[in-house]
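Below you'll find the structure, written out as structure tokens, and then a few comments.
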Amino acid sequence: MTATDPELGEVWKALSDPTRRRILDALREGPKTTGTLCAMFPQLSRFAVIKHLGALEEAHLLIVTPKGRERWNSLNVVPIQQIHDRWIRPYEALWATKLLRLKQIAEQPAAPAVTEKGPTAMPETTASPAALKGLGHMAIDQEIAIAASPATVYEALTKDVTAWWGADHSASDQMTDIVLECELGGRFYEVGANGETHLWSRVTALKPDAYLEFTGPMGASGVVHGVYSFTLEAQGAKTLLKLSHHAIGEVDEKLQAGYTRGWKELMGQLQLFVETGKRSGIR
């Protein structure tokens with residue numbers, strides 16, 4: 001979809017309805033079946049919810065994937081980013097220089113310089129303005145069942161990262177620590193052998209034992225906007241851990257394949273640590 005005004009008009013129209021916005025909010029947590037979405041809006045008939053979903057799909061804000069008898073609905077943030085590029089970004093430049101100068105004056109001397117790298121060993125690239133005109137979209141959704149309670153899995157996710165996050169998924173030659181400030185706005189970064197730090201992302205939403213969301217490029221310097229989240233659902237004596245990672249920018253099949261493989265390995269290592277206590281991380 002190109003960012004032409006008629007197409008963006010469909011996006012504005014779709015976003016004008018509060019129910020559709022609530023549906024998109026629900027899909028931020030991860031893909032959901034049509035039946036699940038209908039159950040989330042008991043005040044509406046099934047026909048009404050399906051009509052709203054159709055409007056969102058026509059505006060390209062929704063990606064529908066049939067799986068057997070079910071229809072899975074996933075959020076597509078590309079049109080929203082295109083609205084940002086068309087209507088907001090051109091005006092940002094007018095204030096960017098002044099705000100940056102104000103920020104430099106107001107802030108105290110910071111910690112060591114931070115670069116943005118991530119869990120996959122991807123070569124660093126530079127996102128030029130010309131390249132950003134053709135945005136790509138990366139979407140990764142994975143899940144794994146872990147034989148433990150949501151509280152136990154959440155604790156491993158937030159407090160014992162170094163126990164399962166391996167050195168193969170680092171930005172420095174020798175990772176010595178991984179720090180997660182588990183609070184809204186908190187940083188998620190690694191520390192190298194000589195003290196350099198590599199910022200991966202920041203915490204943008206959390207609900208203890210249930211949900212954790214990060215925003216940041218996670219190592220892909222060509223990414224304009226990236227969001228990844230973990231959703232924890234109790235299933236008897238197990239926890240279903242769902243990962244959702246979406247990014248917009250200079251992304252291609254190779255990048256998506258690398259991150260898909262990296263997340264699969266990390267979630268497997270997390271499962272092994274939680275279930276057996278075996279540490280496969282840097283410590």
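Residue order for Ile140, Ile50, fewest other beta carbons within 10 angstrom first, comes to Ile50, Ile140.
Amide H to amide H, with H built 1.01 Å from N, Thr33 comes under 5 Å of Asn73, counting only residues 5 or more places away or on other chains.
Considering the zone a paramagnetic label at Cys182 would reach in this model (a point 7 Å from Cα along the Cα-to-Cβ line), which residues of segment 239-270 have amide N under 19 Å from it? Those under the cut-off are 239-244, 266-270. Over 21 Å apart at the Cα level, from the set Lys67/Lys254; Lys13/Lys242; Lys32/Lys159; Lys159/Lys242, are Lys67/Lys254; Lys13/Lys242; Lys32/Lys159. Residue by residue, segment 56-68 carries 3J(HN,Hα) couplings of 5, 5, 5, 8, 6, 8, 9, 10, 9, 10, x, 9, x Hz when phi is fed to the Karplus relation 6.51 cos²θ - 1.76 cosθ + 1.60 (θ = phi - 60°); x denotes Gly or Pro.
Coordinate-derived values only; no laboratory data. Every value quoted in this text rests on a predicted model; they were computed, and no experiment measured them. Every residue, glycine as well, gets a Cβ built from its backbone with ideal geometry; the counts of neighbours run over all protein chains shown.
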